[in-house]
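**Student:** Got a structure for you, written out below as structure tokens; questions coming shortly.
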Amino acid sequence: MLPSFASALAAVLFAPSVLGTHLFVSHYTGKIYTLTYEPSSSGDNGTLSIDSSATGCGNMPSWLTLDRTSKTLYCFDESSNSGVVSSFDVTGAAPKMTGQAKTSGADVHGWLYGGSDGNGFLSMAEYGESSISTYKLPLTSSSKVLQKDSFTVSGPGPVPSRQDAPHPHSTITDPTGQYLIVPDLGADLIRIFSINASTGKLTTCTPAKAGAGDGPRHGTWWSPNDASVDGLMLYTVNELGNSVTGWKVSCPHSGCLSLTKTQTLSTYESGAPPSSSLPVKAAEVHVRGNFLYAANRNDQTFGSEQDSLVTYNISSTGILDFWTLSKRRTRTLGPPSHVIEVIGEPNRSASIRNTQYTGNAKSSQKAGDVPADDVQELMSLVSTLRGFPSHPSKDVYGQDVKVDFNTFEIQWSNEDEDSSADTVNEIAGEQKDDFKRIADSIEALARTFARKDAAV
């Protein structure tokens with residue numbers, strides 16, 4: 001994050017290119033910025049630079065939605081009472097506004113849906129208006145609301161300051177494009193609508209009830225097989241409850257989608273957020289492969305301005321398992337390359353990590369811990385990855401280390417290789433782990449690689 005953006009960064013989107021990664025950033029000062037991230041050949045953090053800026057999305061540009069096919073960026077204005085939704089052509093050096101429509105205001109999120117390609121209409125969550133609205137695309141100065149659904153509640157919820165009324169916080173389509181899901185923070189509901197793709201009309205279905213005081217905010221999808229909705233799960237992040245909830249999804253051929261709650265987990269391993277000078281709130285949620293990431297706003301675990309990111313492993317049945325908490329809050333996952341590293345960890349174990357690369361920027365998510373003296377047994381569990389190229393890395397002592405998945409050997413480059421291995425074994429001590437859980441994690445990783453290979 002650029003220092004000047006620290007107080008008012010609203011949304012960020014990644015767009016990969018040959019030379020670098022382009023980002024679109026909205027800012028509460030009324031501008032949309034384009035930035036470029038250039039990876040470093042030396043392996044450090046690289047550079048982030050501002051390329052251009054544009055106005056045209058009201059006074060408080062907020063959520064950004066990108067239609068990658070037409071290279072059209074949609075921006076939602078969070079201004080109260082009277083706002084706008086705007087479209088921008090992003091094929092050139094700077095965003096160029098191509099259309100704009102007036103809204104009721106407090107537009108905190110939006111999503112494309114319907115039409116012949118899933119991009120024929122635009123839905124938006126109007127937090128302050130307790131409503132959602134839709135528009136037919138493309139946007140023009142004469143665009144009018146296609147449909148507006150307003151919601152009410154009989155009384156305030158368990159958190160009266162935030163649940164005085166319904167507050168829809170986002171709109172997302174399911175993977176089939178037949179349904180629209182609306183997490184409602186104020187009403188503790190996951191609202192569900194069926195979609196008429198031709199007309200854009202939304203039909204109300206029976207909502208799913210979140211936990212009292214959860215305050216569902218955003219959602220994301222996962223299934224064990226990308227080519228099927230069998231086993232499909234919805235995961236919602238709960239801003240007020242500082243938790244994530246898993247929902248088993250039933251997708252009929254017609255009628256209404258239904259959700260069945262499977263679990264709710266805190267975004268903190270202890271089950272409760274740490275003390276903070278500001279209210280701690282779970283904010284964003286993303287799925288990458290078989291890992292779920294949720295962000296915590298105002299979490300001061302890593303410093304007064306750090307926020308945090310929690311990582312969960314997703315089992316083959318969609319059950320979440322808490323793995324780790326790290327720095328960062330808002331995150332949009334770019335297109336990664338994947339490797340697996342086995343490294344010595346300071347937490348008295350050796351770890352398998354699923355490491356993702358965007359350019360040369362690396363972030364690692366823990367995929368399972370196992371005592372170092374049992375690494376060879378663990379390696380036998382990843383036989384499905386045989387033939388995957390080895391990759392050099394460094395252990396926690398700064399020594400070069402490489403895992404060869406053809407031979408399942410771990411190689412240290414220092415002259416006294418045994419001393420490094422012995423040191424990690426000594427750190428591991430007598431700690432033992434549940435190999436059933438580890439095996440499930442490795443199977444999850446194997447599915448991730450299998451899907452990547454199939455896509456290629």
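A short reminder: the numbers here are calculations on the coordinates, not readings from a lab. Keep in mind the model is a prediction, meaning the values are calculated, not measured. Virtual Cβ from ideal backbone geometry, glycine too; neighbours counted across all protein chains shown.
**Student:** Which distance in Å, rounded to a whole number, links the C-alpha centroids of region 278-312 and region 76-96?
**Tutor:** That distance is 27 Å.
**Student:** Tell me the relative contact order for region 197-289 as a rounded percent, counting alpha carbon contacts under 8 Å between residues six or more apart.
**Tutor:** Across region 197-289, relative contact order equals 26 percent.
**Student:** Arrange the peptides 262-273, 71-82 so that the one whose residues have, on average, the most other Cβ atoms within 10 Å appears first.
**Tutor:** Highest to lowest by the protection proxy: 71-82, 262-273.
**Student:** Relative to the present Cα-Cα distance, how much length would full extension add between N59 and T140 at 0.36 nm per residue of separation?
**Tutor:** Here the answer is 27.3 nm.
**Student:** Which of the trypsin sites (Lys or Arg not before Pro) found in region 216-261 are loop residues per DSSP with 13 or fewer other Cβ atoms within 10 Å of their Cβ?
**Tutor:** none
**Student:** Please compute the Kirkwood hydrodynamic radius of region 17-150 from all pairs of different C-alpha atoms, in Å with one decimal.
**Tutor:** About 15.4 Å, per the Kirkwood formula over Cα pairs.
**Student:** Relative contact order for region 122-188: what percent, with Cα pairs under 8 Å and sequence separation of 6 or more?
**Tutor:** 29 percent
**Student:** K102 to A212: FRET efficiency via 1/(1 + (r/R0)^6), r the Cβ-Cβ distance, R0 41 Å, to the nearest 0.05?
**Tutor:** Rounded to the nearest 0.05, the efficiency is 0.70.
**Student:** If you don't mind, there's one more thing I want to ask. What's the exposure ranking of D149, D230, going from fewest to most Cβ atoms within 10 Å?
**Tutor:** D230, D149
**Student:** Hey, can you rank 282-295, 86-99 by average C-beta count inside 10 Å, highest first?
**Tutor:** Packing proxy ranking, top to bottom: 282-295, 86-99.
**Student:** What is the distance in Å between the Cα centres of region 216-254 and region 140-212?
**Tutor:** Region 216-254 and region 140-212 have Cα centres separated by 16 Å.
**Student:** For region 17-150, what's the relative contact order in percent, using C-alpha pairs closer than 8 Å and at least 6 residues apart?
**Tutor:** 15 percent
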